[in-house]
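The values are calculated or read from the model by the stated rules, or taken from the named source; none is laboratory data. For clarity, every value in this text was computed on a predicted model and none was experimentally measured. All Cβ positions, glycine included, derive from the backbone under ideal geometry; neighbour counts span all protein chains shown. Please note that ligands, DNA and RNA were not included when accessible areas were found on the heavy atoms of the full protein model with its side chains. Shrake-Rupley method; radii C 1.70, N 1.55, O 1.52, S 1.80 Å.
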Amino acid sequence: MNNINHITYTSKDGKKHVGNTLDEKNGYTVIECKTCGFKHIVPIPEKELLDNLYKEEFYSSEKPRYLTENEEDFNWWELTYHLYYDMLERNIKSTSKKLLEIGSGPGFFLKIGKERGWDVTGFEPSKLAYEYSKKFKVSVVNNVFNRSTANESGKFDVIYMETVIEHIDDPETLISDVKSVLKPNGLFCVIAPNDYNPLQMLLKKKLGYMPYWVAPPQHINYFDFDSMEKLLTKLGFEVLESFATFPMEFFLLSGQNYVDDNKLGRKCHFMRKKLESNLYIHDKDLLLKTYNFFAENRIGREFILLVELV
């Protein structure tokens, strides 16, 4: 590593990562990496550390209330996932509707897909989440996804990946592995935190907020709409649709500082759920138009990108 403003870091694979420093936390530095084309931390955590984290610790130590809170949110997740399947169904060219979810967690997305007539499979490294998903009687492989582990499952029409790529030590290899098990003209849906977005930068630069979205070593990569689109285009995909999720930064800008207050965070989340549920029930088109507008302006807590392999 060089000086604090400009860093050159060589990863274990011999790749040089060069970029300016953005933030530092927990002994890691976020850089605007010119080599990769997206922001990520250095040093990049060892694969063994990551494997242990997601197989053994993530749902027990790192996010002990994750499964409980997801149960509380199930009705909202159900509405949300129906929206996502609507998007997939208006774009898919195949009639077989064979879908793979990478990082299937508690299995909610697979459950909704199965009920809609999809042939669904999940890959989930956490034993705890894998066991939980069994209650939905969906096919889940208790393993990390990569080219070799996925080959036995055949080719897929759609691959869905939600809040996974920010945790991966080598996103480009992961997407290449996705391509290897995706049918021609197959769809790939990527959902990830929209980090260093305009609202976050306003909060940081004008209102004195620390970069609360920086969370190493769990979050290695910090994508936004543009950097994710560029990477997917580089690897042979074409963007079909883009949406954002609700900009939770609106609450912070309204004086509701939930960053270090989990109770307030849940309260803000419940308000967000109520807003989205009412729009979904009473005017689904307006909900989609609103979230498309957020995407066009590069705001929203997560981005949703649907791309086609071309």
**Request:** Report the local net charge at GLU101: Lys and Arg +1, Asp and Glu -1, summed over other residues whose C-beta lies under 9 Å from its C-beta.
**Result:** -2
**Asked** Only one of the listed values, (1) 32, 60, 9; (2) 31, 63, 6; (3) 35, 60, 4, was derived from the coordinates as P(r) over Cα pairs in 20 Å bins from 0, in percent; which label is it?
**Response** (2)
**Request:** Starting with the highest mean, order 21-28, 165-172 by the number of other Cβ atoms within 10 Å, averaged over the residues of each peptide.
**Result:** 165-172, 21-28
**Complete:** Percent relative contact order for the chain, counting Cα pairs under 8 Å at least six residues apart, stands at 16 percent
**Prompt:** Suppose every K and R has +1 on its Cβ and every D and E has -1 on its Cβ; what is the size of the dipole of the stretch 45-309 about the Cα centre, in Debye to the nearest 20?
**Reply:** 520 debye
**Asked** Can you list the residues, at least 5 places off or on another chain, whose amide H is less than 5 Å from the amide H of GLU24, using H built in the peptide plane?
**Response** VAL30
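When the accessible area of the chain is computed with all protein chains present and a 1.4 Å probe, what percentage of it is carbon and sulfur?
Of the solvent-accessible surface of the chain, carbon and sulfur hold 51 percent.
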**Prompt:** So which cysteines in the chain don't have a second cysteine's C-beta under 4.7 Å from them?
**Reply:** CYS189, CYS268
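Among 10-17, 98-105, how do they line up by average Cβ neighbours within 10 Å per residue, starting with the highest?
Values: 10-17: 11.9, 98-105: 24.8.
Per-residue Cβ counts within 10 Å, averaged per peptide and sorted highest first, yield 98-105, 10-17.
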**Request:** Distance between Cα centroids, the stretch 149-208 to the stretch 228-266: provide it in whole Å.
**Result:** 13 Å
**Prompt:** How high is the FRET efficiency between LYS16 and LEU235 when r is their beta carbon distance and R₀ equals 30 Å, given to the nearest 0.05?
**Reply:** 0.90
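Go through 128-134, 190-196 and give me the packing order, highest mean Cβ count within 10 Å leading. Intermediate values should be presented prior to the final figure.
Details: 128-134: 18.9, 190-196: 23.3.
Highest to lowest by the protection proxy: 190-196, 128-134.
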